[in-house]
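Undergrad: Structure incoming, see below.
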Amino acid sequence: MLLGTFAPKLDEKGRIILPAKFMGDFANGVVMTRGQERCIYLFSQREFEELHERARQAPVTGKKGRDFLRLFLSGASEEMPDKQHRVTIPSMLREYAGLGRELVVIGAGNRAEIWDSVAWNSYYEETEAGFAETDEEVIAGLF
C-alpha cells in the first residue's frame with residue numbers, strides 16, 4: 001500500500017526521484033497516466049495490468065466508459081526507475097498536470113499521484129474542510 005506525502009523536485013530533464021518507500025512497488029517499472037483533478041497517476045506494472053483487465057470488462061457500447069479509457073490509456077507511459085530511483089515524466093503528462101519544479105507525490109493506496117505543489121495545496125485547502133464532514137454515503141461501510 002502506498003502511503004504518505006513527499007516533496008521531490010522536477011529536474012531539468014523532466015525527472016523526479018521516487019520516494020524510497022515506494023520502490024518496492026515500482027522496482028519492476030511504473031506506469032504513469034493522466035489522473036483526475038489534473039494530477040498524474042503512478043501504478044506498478046502489476047497494478048496497472050489488473051486495472052486494465054477490470055476496465056476491459058466494461059461494455060464498449062457505453063460512451064462514458066469509452067471516453068474514460070481513451071483518455072486514461074492514451075496518456076499512459078511505461079517507465080523504468082534508474083539506479084537513483086529517478087523516472088522521467090513524459091512532457092505530455094507534465095503539461096497535462098501543469099507541473100513546475102516543486103512537486104508533491106502522495107501515496108493513494110494502490111497508486112501514487114504526482115501533483116504540482118501549488119495545485120496540490122489548492123486542492124487540499126478546498127477539500128480538507130469536507131473531509132471532516134465525510135459520512136458513510138461517500139465510502140459505504142468505511143466507518
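The values are calculated or read from the model by the stated rules, or taken from the named source; none is laboratory data. All values reported here derive from a predicted model rather than from experimental measurement. Note that we place each Cβ from the backbone using ideal geometry, even for glycine, and neighbour counts take in every protein chain shown. What goes into the accessible areas is simple: the full protein's heavy atoms, side chains included, and nothing from ligands, DNA or RNA. Shrake-Rupley method; radii C 1.70, N 1.55, O 1.52, S 1.80 Å.
Undergrad: Have a look at F68, F26, F43 and tell me which one the Gaussian network model of the chain (Cα, springs below 10 Å) gives the largest fluctuation.
TA: Highest fluctuation of the listed residues: F68.
Undergrad: May I pose another question? Could you rank the peptides 51-58, 100-107 by their average count of other C-beta atoms within 10 Å per residue, with the highest value first? Walk me through the numbers on the way to the answer.
TA: On the way: 51-58: 11.5, 100-107: 17.6.
Going by the mean number of other Cβ atoms within 10 Å, highest first, we get 100-107, 51-58.
Undergrad: Sort 29-35, 127-133 for me by packing, meaning the mean count of neighbouring Cβ atoms within 10 Å per residue, highest on top. Please report the intermediate quantities before stating the final value.
TA: Details: 29-35: 20.6, 127-133: 8.3.
Those peptides, ordered most packed to least, come out 29-35, 127-133.
Undergrad: Still on this structure, I have one more. May I ask you to give the percent of accessible area on region 1-78 that is carbon plus sulfur, with a probe radius of 1.4 Å?
TA: Working: 2670 of 4850 Å².
Percent of accessible area from carbon and sulfur atoms in region 1-78: 55.
Undergrad: Can you show me the helix-derived [θ] at 222 nm for the chain, built from DSSP H runs with n ≥ 4 at -39,500 (n - 2.57) apiece and divided by the number of residues, rounded to the nearest 500. Kindly include the intermediate steps, with their values, before the conclusion.
TA: Working: 5 runs with 49 residues, N = 143.
Value at 222 nm, helices only: -10000 deg cm²/dmol.
Undergrad: Would you be so kind as to identify which of A76, A20, I114 lies farthest towards the positive end of the dipole of the chain, taking Lys and Arg as +1 and Asp and Glu as -1 on Cβ and the Cα centre as origin?
TA: In the chain, that residue is A76.
Undergrad: Once you charge only the Cβ atoms, +1 for Lys and Arg and -1 for Asp and Glu, what is the size of the charge dipole of the chain about its Cα centre, to the nearest 20 debye? List each step's numbers first, then the result.
TA: Working: 18 positive and 23 negative charges, 150 e Å.
Charge dipole, the chain, about its Cα centre: 720 debye, nearest 20.
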